[in-house]
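Input: a single structure, listed below in structure tokens.
The values are calculated or read from the model by the stated rules, or taken from the named source; none is laboratory data. Worth saying up front: this structure is predicted, and the values here are computed from it rather than measured. Here the Cβ positions follow ideal geometry from the backbone for every residue, glycine too, while neighbour counts run over all protein chains shown.
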Amino acid sequence: MPSLPDRTPPSGPDDPPAPIPTIDPDRFEDFEGFRETTLAVFTEPGANATLRGLGDLLYTMALEYCQHWPVELDGAFYHQVRAAVADLRHLEGYLAHLDTQREEASLSDHEERVSEVCGKFVPDLRAVADALETALGPMGATR
Amino acid sequence: MSAGIQLAAGPPIVDPEAFHVFHGFRETSLCLFTNPEHNAALRATGRLIYAMASEGDNDWPAEPEGHPRHQLRAAVADLHFLQGFLGMLGRPLECSREGHEGHLARVALRLSGQVAEIAAVLDGELGAWRGEE
């Protein structure tokens, strides 16, 4: 078996991490694919860019190909709203997790303050998801 | 492959307390994959990639501003994403529709503003500092 060519080693702990992007809500479609809360784990810039590119590629190909897949049970619009509710619930849980870090991790004073603010917004985010879910109604009622 | 009689995979009901089960791809992306087999495969792949990255003892760059701030910055980015997505659902064409779809679009537009407010406050708490010297 031929040997693999030498490759550039990935960044190390002292190198700059992959930045978390500032998302312009008007261009949210440029950020479909993986969640930022998932990509944040990949601080190695090459790995981060690869996954970001993969997510974008899969999403773009799916847009072209989805005509061959099953039709959404209650239509595309309601289907998208349900997806937004699911992602809101995910973020609600994520913020609640950051809120618990004051007890589960050793944080600086400022980190503790930010953690408290995260907890403060959990009910607000829950209210947003609840409102959308209430407006949506149960599955099947929208047909 | 004919998928005419196949049921579509729908977005799951996410329990916020089990949010970690839903790491990986956004639901707004996965909802495009209505073929249940494809949807499940991508969902599992996203979860696996996240699990491997989280468990592994890697030598990747450390977050200069610390783990909690890094995580929150990611949450803020996802909030801005959802602000945009809800805004798209509530675009003028949708809001002008009659009936339930129009009502839902107007609700989505209003909630987009609320998500923006949450993101703005969290962003303000984080500040502009990213650990640079």
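Residues that are surrounded by 17 or more Cβ atoms within 10 Å (Cβ to Cβ), among the acidic types (Asp, Glu) and without any contact (Cβ under 8 Å) to a residue 40 or more places away in the chain within the stretch B:29-66 are absent altogether. Of the residues that make up the stretch B:29-49, is at least one within 7 Å of chain A (Cβ to nearest Cβ), farther than 15 Å from A:Ala86 by Cβ and part of a loop (DSSP other than H, G, I, E, B)? Among the residues of the stretch B:29-49, at least one is within 7 Å of chain A (Cβ to nearest Cβ), farther than 15 Å from A:Ala86 by Cβ and part of a loop (DSSP other than H, G, I, E, B), which makes the answer yes. Under 30 Å from A:Arg113 (Cα atoms), surrounded by 13 or more Cβ atoms within 10 Å (Cβ to Cβ) and at pLDDT 95 or above: is that true of B:Ala120 in this structure? Criteria met by B:Ala120. Of note, A:Asp15 satisfies the criterion of being facing chain B (nearest Cβ under 7 Å), among the charged types (D, E, K, R) and either closer than 18 Å to B:Met88 by Cα or out of contact with any helix residue (DSSP H, G or I) (no Cβ under 7 Å at 6 or more places or on another chain) (or both).
In the set (1) surrounded by fewer than 22 Cβ atoms within 10 Å (Cβ to Cβ); (2) within 19 Å of the chain's Cα centre (by Cα), A:Ala84 fails one condition alone, (1).
For (1) closer than 20 Å to B:Pro68 by Cα; (2) free of Cβ contacts under 8 Å to residues at least 24 places away in the same chain, each residue gets a yes or a no:
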position	(1), (2)
A:Thr50	no, yes
A:Gly55	no, yes
A:Ala62	no, yes
A:Leu88	yes, no
A:Leu107	yes, yes
A:His110	yes, yes
A:Val128	no, no
A:Thr134	no, yes
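Return the only residue of A:Gly55, A:Gly93 being crowded, with 18+ Cβ neighbours inside 10 Å, touching a strand residue (DSSP E or B) at 6+ places or on another chain (Cβ under 8 Å) and assigned to a helix (DSSP H, G or I). The match here is A:Gly55. One residue stands out among those in the stretch B:101-115 that are within 7 Å of chain A (Cβ to nearest Cβ) and modelled with pLDDT of 95 or more: the one that is surrounded by the fewest Cβ atoms within 10 Å (Cβ to Cβ), which is B:His103.
Anything in the stretch A:105-135 that is at the interface with chain B (Cβ under 7 Å from one of its Cβ atoms), among the hydrophobic types (A, V, I, L, M, F, W, C) and within 29 Å of B:Leu86 (Cα to Cα)? List them, or say none. Once the filter is applied, which keeps residues that are at the interface with chain B (Cβ under 7 Å from one of its Cβ atoms), among the hydrophobic types (A, V, I, L, M, F, W, C) and within 29 Å of B:Leu86 (Cα to Cα), the stretch A:105-135 yields A:Val114, A:Val117, A:Cys118, A:Phe121, A:Leu125, A:Val128, A:Ala131, A:Leu132, A:Ala135. Right, B:Val14: under 18 Å from the mean Cα position of the chain (by Cα), closer than 25 Å to A:Thr100 by Cβ and facing chain A (nearest Cβ under 7 Å) or not? When the stated conditions are applied, B:Val14 passes them. At pLDDT below 95 and either assigned to a helix (DSSP H, G or I) or within 21 Å of A:Asp87 (Cβ to Cβ) (or both) - does that describe any residue in the stretch B:57-68? Checked the stretch B:57-68: at least one residue is at pLDDT below 95 and either assigned to a helix (DSSP H, G or I) or within 21 Å of A:Asp87 (Cβ to Cβ) (or both).
You will find that of A:Thr60, A:Thr38, A:Thr100, the residue that is of a type in the set (S, T, N, Q) and either in contact with a strand residue (DSSP E or B) (Cβ under 7 Å, 6 or more places away or on another chain) or crowded, with 23+ Cβ neighbours inside 10 Å (or both) is A:Thr38 and no other. Screening B:His80 with (1) within 17 Å of the chain's Cα centre (by Cα); (2) within 30 Å of A:Val71 (Cα to Cα); (3) more than 7 Å from chain A (Cβ to nearest Cβ) gives one miss only, at (3).
The rows are residues; the columns are (1) surrounded by 20 or more Cβ atoms within 10 Å (Cβ to Cβ); (2) at pLDDT 95 or above.
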residue	(1), (2)
A:Pro9	no, no
A:Gly12	no, no
A:Arg27	no, yes
A:Asp30	no, yes
A:Ala49	no, yes
A:Glu72	yes, no
